[in-house]
1. Out of the stretch B:584-601, which residues are touching a strand residue (DSSP E or B) at 6+ places or on another chain (Cβ under 7 Å) and under 30 Å from B:Ala55 (Cα atoms)?
2. I need the full set of residues from the stretch A:29-76 which are among the aromatic types (Phe, Trp, Tyr), part of a loop (DSSP other than H, G, I, E, B) and away from chain B (no Cβ under 14 Å), in order please.
3. Looking for whichever is among the small types (Gly, Ala, Ser), buried (at least 19 other Cβ atoms within 10 Å of the Cβ) and in contact with a Lys or Arg (Cβ under 9 Å, 6 or more places away or on another chain) here; the options are B:Ala119, B:Ala92, B:Ala148. Which one fits?
4. Answer yes or no: is there a residue in the stretch B:231-240 that is farther than 24 Å from B:Arg393 by Cα and surrounded by fewer than 19 Cβ atoms within 10 Å (Cβ to Cβ).
5. Filter the stretch B:541-569 down to the residues that are in contact with a His (Cβ under 9 Å, 6 or more places away or on another chain) and either within 14 Å of chain A (Cβ to nearest Cβ) or under 30 Å from B:Lys584 (Cα atoms) (or both) and list them by number.
6. Is it the case that the stretch A:106-115 has a residue that's surrounded by fewer than 24 Cβ atoms within 10 Å (Cβ to Cβ), outside any helix (DSSP H, G or I) and at negative phi?
7. Identify all residues within the stretch B:440-497 that are without any contact (Cβ under 8 Å) to a residue 40 or more places away in the chain, acidic (Asp, Glu) and either farther than 18 Å from A:Glu51 by Cα or more than 7 Å from chain A (Cβ to nearest Cβ) (or both); write none if there are none.
Amino acid sequence: MTAEVGANRAAMLEKLAELDAEHAKAVAGGGEKYVDRHHARGKLLPRERIELLVDPGSAFLELSPLAGWGSDFQVGASVVTGIGVVEGVECLITANDPTVKGGASNPWTVKKIFRASQIAEENGLPTISLVESAGADLPTQKEIFIPGGRLFRDLTRSSARKVPTVALVFGNSTAGGAYVPGMSDYTVMVEGQAKVFLGGPPLVKMATGEESDDESLGGASMHARVSGLADYLAADEYDAIRIGRRIIARLNWRKAVSRSEPVPPTFAGSFARSFARSFAEPDAEPEGLLDLVPTDLKEPFDPREVIVRICDGTGPGNMRPFDEFKPLYGPSLVTGWARIHGRPIGILANAQGVLFSEESQKATQFIQLANQIDVPLLFLHNTTGYMVGAEYEQGGIIKYGAQMINAVSNSSVPHLSVIMGASYGAGNYGMNGRAYDPRFLFTWPSAKSAVMGPAQLAGVMSIVARQAAEARGQDYDEKADAEMRAFVEASVEEQSLPFFLSGMLYDDGVIDPRDTRTVLAICLSVIENAPFTGARGYGVFRT
Amino acid sequence: MIKRLLVANRGEIARRVFATCRRLGIETVAVHSDADAGMPFVREADLAVRLAGDAPAETYLRGDLLVEAAQRSGADAVHPGYGFLSESADFARAVIGAGLTWVGPTPESIEDMGSKVRAKDLMRRAGVPVLDAPSQPTEADLPLLVKASAGGGGRGMRVVRSLDELTGSVTAAEAEARSAFGDGRVFLEPYVEHGRHVEVQVVGHPGGVLVLGERDCSVQRRHQKIVEEAPAPALPDATRTALHEAARAAAAAIDYRGAGTVEFLYDADSDRFYFLEMNTRLQVEHPVTELVHGVDLVELQLAVAEGRSPDPRTIGETYGHAVEARLYAEDPSTDWQPQSGTLTAMEVPGVDGEFDLLNRPGLRLDSGVQPGSTVSIHYDAMLAKVIAWAPTREQAVRRLAAALRGARLHGIVTNRDLLVEILEDPAFAAGGVGTAFLEEHPPSPAVPVGDHAIAAAIALAERDRASRTVQQGVPVAWRNVVSQPQRTEFEGDLAVEWYGGRDGYAVVGVTVVSASPTEVTLERDSVATTYAVSIAGSRVDVDAPGGHRALTTVPRFADPADAVASGSLLAPMPGTVVSVAVEKGDQVDAGQPVLVLEAMKMQHTVTAPHAGTVTQIDVRTGSQVAAGEILAVVEET
């Protein structure tokens, strides 16, 4: 191992340790005191509920675990969202964390749930809501109340698309929250715990003068026997989860894209080879991904080294792990075909950071090719943006960049994005950044994303300020300039880091590079729950 | 000459007799109950006749049906095996009366020896030592043993250690004997504390009595043998010769024809022996004699039945030592409760032959079951006999212990661990243990499961992985945000916590080297051990060089609808309800008997767990119940 590789690895491991620490904050929920109190009531934590809900030994891909990072709210935003397999069905699962302020929704909670329901919608996933929430965080209600209505709209629209929704109510689900069970296709309530009403006893007293209690207004037993809002009365939390699993088991769920499930190499020996497609593990060890990313993102790295570590290795039906397209043209962008867990994928990966006209044209053609054959696309970001300068402007870089963005925007095969390193400027758009709605977007701890690099941004601001001062005939305050540059550089640096961006819900999570293959494999399986075909038309390609 | 032989029996002994028949060119006929329809002995026979029903009383004990089956199938001879009607003079007469050859002694010999009281008289007259109790016992005569005259298998047998107990024990033994054998007669004999059970194999034939050495069958549980060997260890030569001569005299006294066993109680302290009884049939433990003496006892039985004396050239030379262990589906830790269920795996490593004399020392297996066989509640729970034959006793014991330890016996609880423990016990190794051996050396508590449970948990996870329908290649229990370990729970408050993910399984203290649904290799302290795992329903059997453990998984969820009302009385074992003491609505006290359940040779009284009212009673006398079935509900008052 060279010194440089060793330094890359050490830096990455340090960032991964920080990531673990941030995830641990989300897992800790409201802290030991509230967790203990919750357990003492015989209740389970949201992740304990999820662990029981998903199939034994199946994967759970938690989404937006760092939501709210850097805000005044608890990391994780008092809700857990993710994709799990229940009775063999890939489901979008949300679970309130009642140890964080009673599971009350804050603005980040709402954003996180919206993102989850967008994923459910785009990928056609049944939704299971594990409900126990005190309602809206009242001090921030102005940011929650009006947009929050979408949550209920999304549930019933899912139902209308023939994608079932299930609510398991473990505790409070009152006022607006009552519409989660209300809008779900199936509702299970835990006896003695679920509390579902529009107005509680004090509000009812104020409104009508009627004396009432929790149980008669919204108890599980009442809803199961009288109102009919509960379809099932669960004896306890375990029972609710058991019933939830039985409901999913009876959904007659069939994935929209039917293909014989690819089989991993462990089973390829015996029965698998005969009737299922098998795949091989990568030709190079994924562990090496930690060595690749330079500590200074100005240094490019070869994305082929990433591809060979995340895509299927050489094996039957996959004679080469990566068939590169147009290798000699526009070499700053690598394009080509590969497979992940037996599923075909087209890959666009930055090789030299900068995108020139050739790279843009190559990308445009490649995206159209993937759409022609209905193959999903994977974007591996490490770009500083489109080339600037008179030569390039005159060569029509905007035009070609626009072609690429046009193709990305109108492509209708599913897109997955992984921000490995830099993702700056319009390069972020061309490479299918968040605004271009990739089905999933994950970030490595080494990533940085902003309109431009912090130093460049500070420098640009300094030049502009200096020009303004000169125009006014004033002396330029060099000391203030240095302070300004330092401040801007520091704050842009901070705001371009993955935890911050993940906290803003600008990705679906920060992942360990060694998990990239697994995350993408789950995503590629998940997207097959909704039908997709390549685009037949694009916007006008300016020439 | 016998052309076609019907075996009026089942399981292992039927297969044993068929094996010899095949070698001799005799066609074979099996009879089978409905429960036994799928058993190997039925398939192996040339012809099979169904006996409708399951209970022995409807099937294997129905002499009339058996004779009819023989006639219907064109058999010209009947072999009774052991147990069932093998010592029924009436059945022998019925067979002979139907013009068929009876492979066994004459009905008269059976009757002579069938009554223990009469047999003792006969033996006393023939000069064979017998144990006699005084008609009016005093303190000096204690301890005494109450035995059923018609008994066998330990039923109706009671040890009396004080005169106060005597009357009660006799009454109880009479009741037990009456219900078990239809004959309530009992008798007393002195109880020899450290007695050994030594028996002599004889074959009476037209030319005289052939004595084929002795067997020591002292290791017994509930008066039933589980480990037997030939020759008897730690026996002075003079005594051995005297035993053989006494047995010869006993057989000669009644002009005995066929294979029989004369059983003696040997008191090592005084170096004296006493006649106990004579079994007028082939014994379960006959293979040890066969191996040591190089003789096929079934072949000799058939020869005698055909009116010939055994050909001396069918008898080999006497060599070495043989030890047999009886594998039972029973749980030594719960008072030997017989077990029923499906035997999902049965492999004994290193078997050199089945039902075979072996042409050189080795391992023999006599088994009535095969993988997939159902062990039902209706019959004896013996699965197989494993017999090791070696030049010396030490070698035979070592071979047998290794074979048992390495055997894969899955799906059902067996006495295997106990057998291994016996064979490895220093007292047993020294030779000459008495019939009280197991009472003095009770089975050790189960060894902690340790890494077996880890292996089971990992294999279960691999099974779940293999049965996935989506995301098949994704690592087991992968999480991008890890919050807690995976938990695999087993009955007995046993839980294994493990993590999955990118780097495979992680368990504290061990390294998972490799894993599949059937095999898991774990490394602990740099030593790797491979565990073979077999999963059938909730039961997980784990075999390793260190031994076998069976685990039962606890489901993640229990449907409350399946929950049992408190106060429910559950059947502790599969069996038949023999009596019901209460009716619905009755008030009962805590501990009051509610009903009696019988399984195999055991009666189990089910009592009220607390004082209350019987609110439900789902069974009546004669009901067949499965283990765990609700028998009655006593609501607490």
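1. Residues satisfying the conditions are B:Lys584, B:Gln592, B:Pro593, B:Val594, B:Leu595, B:Val596, B:Leu597, B:Glu598, B:Ala599, B:Met600.
2. Hit for the stretch A:29-76 is A:Phe73, nothing else.
3. Being among the small types (Gly, Ala, Ser), buried (at least 19 other Cβ atoms within 10 Å of the Cβ) and in contact with a Lys or Arg (Cβ under 9 Å, 6 or more places away or on another chain) holds for just one of B:Ala119, B:Ala92, B:Ala148, which is B:Ala148.
4. Of all residues in the stretch B:231-240, those farther than 24 Å from B:Arg393 by Cα come to none.
The answer is no; no qualifying residue exists.
5. Listed by number, the list holds a single entry, B:Gly567.
6. No: the stretch A:106-115 contains no residue that is surrounded by fewer than 24 Cβ atoms within 10 Å (Cβ to Cβ), outside any helix (DSSP H, G or I) and at negative phi.
7. B:Glu440, B:Asp493, B:Glu497
Condition check ((1) assigned to a loop (DSSP other than H, G, I, E, B); (2) at pLDDT 95 or above; (3) within 14 Å of chain B (Cβ to nearest Cβ); (4) within 19 Å of B:Val482 (Cβ to Cβ)) across all residues:
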position: A:Met1; (1), (2), (3), (4): yes, no, no, no
position: A:Ala7; (1), (2), (3), (4): no, no, no, no
position: A:Leu19; (1), (2), (3), (4): no, yes, yes, yes
position: A:Glu22; (1), (2), (3), (4): no, yes, yes, yes
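The values are calculated or read from the model by the stated rules, or taken from the named source; none is laboratory data. Predicted model, so just to flag it, every value in this text is computed and none were measured. Here the Cβ is made from the backbone with ideal geometry for all residues, glycine too, and neighbour counts use every protein chain on show.
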